[in-house]
Amino acid sequence: MSSKVEQLLSSAESQDIFKSPDLVKVTHKKPYGEVSPTRPELSQAGRTVLITGGNSGIGYAAALAFGQAGASRVIITGRRAEATTEAAAMLSSQVSSDGNNNTQFIGVTNDIADPAAIESLWNDLEARSISVDVLVLNAARFSEAQGLLERGIEAVWGDYNVNVRAQLHMAEKFYKQRAVATTGKTQKFLVMVSSAAIHLWAANDPYPSYGLTKNAGSLAMQLIAREADPEQMQIVSYHPGAVFTDAAKRAGAKEDTLDYTDVNLSGQFAVWAASKQANFLHGRYVWAEWDVNELKNLRERLEKDDNLLRIGVHGFE
């Protein structure tokens, strides 16, 4: 573990640098009723959902939640064939044990770092007349604890390739897909799993390339949202919380390092974000921890403040 990471993790307890911004009073660390995928208002019945990096962590939790919400088909992608196939089987078993035998889980080996692989993925879906109704952009590249100049242009550009270019590529293919919609409806939902690294610079200090590229990728989705009619493609980005994933372990975190967010809250929030309940957040960025009822109370502020919950340099007129 680098000295920067050690310093960061030790300061997290004393300085609370990972604390949620005070935009809402009520926050959550675990799943709660309003984001439950079994709520009728959040039903995903009849929809096909595609989740990148869905074979583990937050992506897996999102896939499970969409299955619990009754999606017809959940397609998860991953770089490792065996892990992706096993994850799809586990998801099917979990959802079936809850009494839902209607959701089909499909594991697809795919590396979004490869543009040709993305083209192949969408070409295959079109050939099978499968139209994706919900796209969850979860897969990302987490950089090592290095400064930008220490990491070097080749490695930083590799991070850009995954965290920016691949996200744009997937969003474009999603928007332009030609297959007949499975629901018979035209509205699509794009959900981006972003990160607090796009704005909590102190917390992300050891990983500037990650913050830089996740910021750029999230901004790209917000700019697309300015062009897109939300009735055709609703776009919401969110920070999933400090989740104790395998990536966190590799970074040196331990089970008692932070007050972690339950991964199932992160997954269930994706379902809420892919519903009309979240239409007022089109083109905005939020935290999964924020109480959604309190978020709804921000609707008037959002209508008046075009910069609120958007990436930019704010604080002056």
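The values are calculated or read from the model by the stated rules, or taken from the named source; none is laboratory data. Worth saying up front: this structure is predicted, and the values here are computed from it rather than measured. Cβ coordinates were reconstructed from backbone atoms using ideal geometry, including for glycine residues, and neighbour counts include every protein chain displayed.
For the reader, a short list of remarks on this structure follows.
- In region 70-89, the residues that are buried (at least 19 other Cβ atoms within 10 Å of the Cβ) and either of a type in the set (A, V, I, L, M) or farther than 24 Å from GLY241 by Cα (or both): GLY70, ALA71, ARG73, VAL74, ILE75, ILE76, ALA87, ALA88
- Condition check for VAL132: surrounded by 21 or more Cβ atoms within 10 Å (Cβ to Cβ) and touching a strand residue (DSSP E or B) at 6+ places or on another chain (Cβ under 7 Å): yes
- For region 57-69, a tally of residues being farther than 20 Å from SER97 by Cβ and either of a type in the set (Gly, Ala, Ser) or surrounded by fewer than 24 Cβ atoms within 10 Å (Cβ to Cβ) (or both) returns 2.
This table checks each residue for (1) modelled with pLDDT under 95; (2) in contact with a Leu (Cβ under 9 Å, 6 or more places away or on another chain); (3) among the aliphatic types (A, V, I, L, M).
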position: ALA220; (1), (2), (3): no, yes, yes
position: ASP229; (1), (2), (3): no, no, no
position: PRO240; (1), (2), (3): no, yes, no
position: ASN264; (1), (2), (3): no, yes, no
position: GLN268; (1), (2), (3): no, yes, no
position: ALA278; (1), (2), (3): no, yes, yes
position: LEU281; (1), (2), (3): no, yes, yes
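- Tally of residues being surrounded by fewer than 24 Cβ atoms within 10 Å (Cβ to Cβ) and within 19 Å of the chain's Cα centre (by Cα) across region 38-47: 1
- Index of the failed condition, ALA12 passing every other in (1) of a type outside the set (Lys, Arg); (2) touching a strand residue (DSSP E or B) at 6+ places or on another chain (Cβ under 9 Å); (3) modelled with pLDDT under 95: (2)
- Some residue of region 25-37 being within 18 Å of HIS239 (Cβ to Cβ), hydrophobic (A, V, I, L, M, F, W, C) and surrounded by fewer than 24 Cβ atoms within 10 Å (Cβ to Cβ): yes
- Count - residues of region 162-177 that are more than 17 Å from the chain's Cα centre (by Cα) and under 16 Å from GLY53 (Cβ atoms): 0
- Residue within region 237-257 that is in contact with a strand residue (DSSP E or B) (Cβ under 9 Å, 6 or more places away or on another chain) and of a type in the set (Ser, Thr, Tyr) present: yes
- Test: residue in region 113-124 that is at negative phi, touching a residue at least 40 places away in the same chain (Cβ under 8 Å), aromatic (Phe, Trp, Tyr) and touching a Leu at 6+ places or on another chain (Cβ under 6 Å): no
- Residue match in region 90-98 (condition: surrounded by 16 or more Cβ atoms within 10 Å (Cβ to Cβ), over 22 Å from ASP262 (Cα atoms) and not acidic (Asp, Glu)): no
- Only one of ALA155, ALA145, ALA225 that is modelled with pLDDT of 95 or more and buried (at least 19 other Cβ atoms within 10 Å of the Cβ): ALA225
- Those helices (runs of 4 or more DSSP H) lying entirely in region 143-256 with at least 3 residues over 23 Å from VAL271 (Cα atoms) and in contact with a helix residue (DSSP H, G or I) (Cβ under 7 Å, 6 or more places away or on another chain): 153-160, 208-227
- Close pairs (6 angstrom Cβ cut-off, 6 or more residues apart or separate chains): modelled with pLDDT of 70 or more in region 15-31, of a type in the set (Val, Ile, Thr) anywhere: SER20/THR27; LYS29/THR261
- Odd one out for SER209, checked against (1) out of contact with any Leu (no Cβ under 7 Å at 6 or more places or on another chain); (2) under 18 Å from ALA113 (Cβ atoms): (1)
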